[in-house]
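Trainee: Please read through the structure below; I'll follow up with questions.
The values are calculated or read from the model by the stated rules, or taken from the named source; none is laboratory data. Predicted model, so just to flag it, every value in this text is computed and none were measured. Every residue, glycine among them, receives a Cβ derived from its backbone with ideal geometry; neighbour counts consider all protein chains shown.
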Amino acid sequence: MAQYNGPVCRLCRREGTKLFLKGDRCTSGKCAFDRRSAAPGQHGAANKKMKEYGVQHREKMKTRRYYGVLEKQFKNYYNEAERVEGMTGENLLSLLERRMDNVVYRMGLAESRKEARQLVRHGHFTLNGNKVDIPSLLVKVGDVIAVKDSSRDSVKIKDLAESIKSRLNPKWLEMDKENLKAKVVALPVREDIDFPFEEQLIVELYSK
C-alpha cells in the first residue's frame with residue numbers, strides 16, 4: 001500500500017497546524033512546527049488567499065493526515081458516513097476514530113497513530129481475544145482491545161504501560177490500565193474529538 005515516507009513535520013507546516021504526528025515530540029521544545037510554521041516551499045511564507053475549493057481541500061487533507069489514511073480509504077469512509085443516519089461530517093469523524101490504530105493510540109499504547117499502526121500490523125494486540133493485524137479494522141460497542149500476552153514483556157510496551165497510568169482516556173473507552181485493555185462502551189461522538197476539525201467543509205467539498 002502506498003504511504004507517505006517523507007518528513008512528517010512538513011505535513012503540519014503544509015496544513016498550518018500541529019497534527020501531532022510525532023507523539024510527545026510535538027508537545028516539546030523540539031517541535032519543528034513551533035520553530036518554523038510557514039508552509040514548505042520557496043513561497044511558503046507568502047500570504048495567499050485561498051478560494052472556497054482550496055479551503056475545503058485543505059480541511060480534507062488535514063483530516064486525512066491527522067488519521068493517516070489514503071485518499072481512497074477516506075472517500076470510502078465518507079461514502080459510509082453519508083449512507084448511515086445522522087450528520088455526515090460527524091459520522092465521518094466517528095468512523096475514523098473507530099479505526100483499530102486510532103483506538104490503540106487513544107488507549108495510550110502508542111506515541112503516535114503511525115506507531116500504533118505499526119504495532120497493530122506486527123500483531124501485538126487482540127480484539128475480543130483474537131489476534132488482529134489490520135489497522136483499518138473498525139471497532140464496535142462491546143469490543144475489547146488488549147495487548148497480546150506474549151507482547152507484554154516488550155520493552156516498548158512496558159514503557160508505554162507506565163505512561164498510561166496518568167493519561168486521560170476518551171469517555172467511549174473503558175480502560176483497564178493494569179491489564180492493558182479497553183472496552184468500547186459507546187460510539188465516539190463529536191464532543192469526544194478535541195481536535196478543531198471543520199467537518200462541514202469536507203461535506204461541502206464532496207457534495208460538489
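Trainee: Cβ-Cβ distance below 7 Å, separation of 6 or more or different chains: which pairs start in the range 162-175 with a residue that is of a type in the set (Lys, Arg) and end on one that is in a helix (DSSP H, G or I)?
Mentor: Sorted first by the residue in the range 162-175, then by its partner, the pairs are LYS171/ASP192.
For (1) within 21 Å of ARG64 (Cβ to Cβ); (2) touching a Gly at 6+ places or on another chain (Cβ under 8 Å), each residue gets a yes or a no:
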residue	(1), (2)
GLU90	yes, no
LEU138	yes, no
ILE157	no, no
ARG167	no, yes
GLU174	no, no
GLU191	no, no
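Trainee: I'd like to know if the range 105-117 contains one or more residues that are out of contact with any helix residue (DSSP H, G or I) (no Cβ under 9 Å at 6 or more places or on another chain) and on the phi < 0 side of the Ramachandran plot.
Mentor: Filtering the range 105-117 for residues out of contact with any helix residue (DSSP H, G or I) (no Cβ under 9 Å at 6 or more places or on another chain) gives none.
No: zero hits.
Trainee: Okay, next question. Scan the range 197-208 for residues that are modelled with pLDDT under 95 and of a type in the set (S, T, N, Q) and report the count.
Mentor: Of the residues in the range 197-208, 1 are modelled with pLDDT under 95 and of a type in the set (S, T, N, Q).
Trainee: Confirm whether GLU85 is without any contact (Cβ under 8 Å) to a residue 60 or more places away in the chain, acidic (Asp, Glu) and not assigned by TED's automatic domain parsing to the domain that holds TRP172.
Mentor: On the way: without any contact (Cβ under 8 Å) to a residue 60 or more places away in the chain: yes; acidic (Asp, Glu): yes; not assigned by TED's automatic domain parsing to the domain that holds TRP172: yes.
In short, yes.
Trainee: Is at least one residue of the range 158-170 surrounded by 15 or more Cβ atoms within 10 Å (Cβ to Cβ) and closer than 30 Å to MET61 by Cβ?
Mentor: Looking through the range 158-170, at least one residue is surrounded by 15 or more Cβ atoms within 10 Å (Cβ to Cβ) and closer than 30 Å to MET61 by Cβ.
Trainee: What pairs can you find where one residue is in the range 136-150 and of a type in the set (D, E, K, R), the other is surrounded by 17 or more Cβ atoms within 10 Å (Cβ to Cβ), and their Cβ atoms are less than 7 Å apart, with a gap of 6+ or different chains?
Mentor: LYS140/VAL184; ASP143/LEU127; ASP143/VAL184; LYS148/HIS124; LYS148/PHE125; LYS148/THR126
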